[in-house]
Amino acid sequence: VPYSRITGTGGFLPSRRITNDDFVHMLAARGIETSDAWIVERTGIRARHFADDGVNSSDLALEASRRALEAAGRSAADVDLIIVATSTPDMVFPSTATILQAKLGVHGCPAFDVQAVCSGFVYALTVADAMIRAGSARCALVVGAEVFSRLLDFNDRTTCVLFGDGAGAVVLEASDVPGILATELHADGRHAGILCVPGTVSGGQVSGLPLLRMDGQAVFKLAVGVLENAARAVLAKAGRSEADIDWLIPHQANIRIMNGTARKLKLAPERLVVTVDEHGNTSAASVPLALDAAVRSGRVQRGETVLLEGVGGGFTWGAVLLDF
Ligand code: ACO
């Protein structure tokens, strides 16, 4: 099979919407100051969604998957590969992908998680594309699903305001026409410490800190450079240029990083898909959620060229260039 191609997209956000002003009140109760103006100016975030207790990544993934399957005109029984990108799995094991598979009411096909934090969806899509082109699958469900609210330290105003919960999914199918044009993945484990949840489960207890820690400025500086390089790499592989990009859909972490990337690629601001304002940073879910929002609003049209980019903990980063 020469190509894989996205045939449907879906997204799902839990209903509980937390505005910046809600955060002002929540943090004030802990004696911590923040403001809507600070959060909007430094990040572009106005609101995020948090899942209720007991709602897990697989639940969000299930809703997003159903919507993607419906958009693709497929049923769960057609799926022969399930990959879930998540850093907030339901359990230590088994994988969230196997739990999702059971919730979809199917069995037998391979299902596994990919862990690359905020680059997770770009990693998962790259793996699914390779498996389809190798003939190991024909109809893959590729999902990013997170409940990052579970990892937040609500005594740390520099991180707790940034993240949200949600899931996005695509159906990726074998195709004679493009499709995914080029992919590029990278990691540099020397930077593991600048963005991590250091804790783990051991001896019947949580050992180490089970909350997110981030050196925001270090992440910021690394992110802008690597995103530009990954974009140029996929364009070169596909024999395309910056001018061919109809839509840039980067990981939705911070509007300043996203605008910086768009500027470096000389893209007009209206070519940048932005959902960080309403979703916050949903880690591996952010790219498929933004893609789905852009498809459903009629912005991304069939045949248009889309650049997806991820960057996050690890440090990991990557890009996927595709004709939608
Ligand atoms: N409300 C009010 N003030 C705050 C808040 C807040 N929520 N958070 C921090 N401040 C204060 C700081 O304490 C500091 O005060 P001080 O000057 O008195 O010490 C001041 O604001 C400036 O803080 P900085 O950290 O220098 O602010 P900066 O402009 O760097 O913005 C931010 C911080 C938003 C975290 C930025 O560094 C950033 O976005 N970095 C990238 C982070 C990111 O994108 N991470 C995710 C990517 S990977 C992934 O998604 C997992």
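Among the numbered criteria (1) within 29 Å of ALA137 (Cβ to Cβ); (2) among the small types (Gly, Ala, Ser); (3) buried (at least 18 other Cβ atoms within 10 Å of the Cβ), which one does GLY73 miss?
Here GLY73 clears every test but (3).
Check off (1) part of a loop (DSSP other than H, G, I, E, B); (2) within 16 Å of the ligand (Cβ to nearest atom) for ALA230 and give me the number that stays unchecked.
(1)
Output the number of the condition that ALA85 fails; it satisfies all remaining conditions of (1) more than 20 Å from VAL147 (Cβ to Cβ); (2) of a type in the set (A, V, I, L, M); (3) within 16 Å of the ligand (Cβ to nearest atom).
(1)
Among the residues of region 300-317, is any in a helix (DSSP H, G or I) and touching a residue at least 60 places away in the same chain (Cβ under 8 Å)?
Within region 300-317, not a single residue is in a helix (DSSP H, G or I) and touching a residue at least 60 places away in the same chain (Cβ under 8 Å).
Out of all the residues in region 293-309, is one or more within 12 Å of the ligand (Cβ to nearest atom), hydrophobic (A, V, I, L, M, F, W, C), within 21 Å of the chain's Cα centre (by Cα) and closer than 17 Å to ALA169 by Cα?
No, because not a single residue in region 293-309 is within 12 Å of the ligand (Cβ to nearest atom), hydrophobic (A, V, I, L, M, F, W, C), within 21 Å of the chain's Cα centre (by Cα) and closer than 17 Å to ALA169 by Cα.
Would you be able to tell me the number of residues in region 207-227 that are within 6 Å of the ligand (Cβ to nearest atom) and free of Cβ contacts under 8 Å to residues at least 12 places away in the same chain?
1
Take region 153-184 and flag every residue that is surrounded by fewer than 18 Cβ atoms within 10 Å (Cβ to Cβ) and within 16 Å of the ligand (Cβ to nearest atom).
ASP153, PHE154, ASN155, ASP156, ARG157, THR158
Looking at the structure I just gave you, is ALA130 surrounded by fewer than 17 Cβ atoms within 10 Å (Cβ to Cβ) and either in the same structural domain as ALA231 (by TED's automatic domain parsing) or among the basic types (Lys, Arg) (or both)?
When the stated conditions are applied, ALA130 does not pass them.
The values are calculated or read from the model by the stated rules, or taken from the named source; none is laboratory data. This is a predicted model, so every value here is computed, not measured. Note that we place each Cβ from the backbone using ideal geometry, even for glycine, and neighbour counts take in every protein chain shown.
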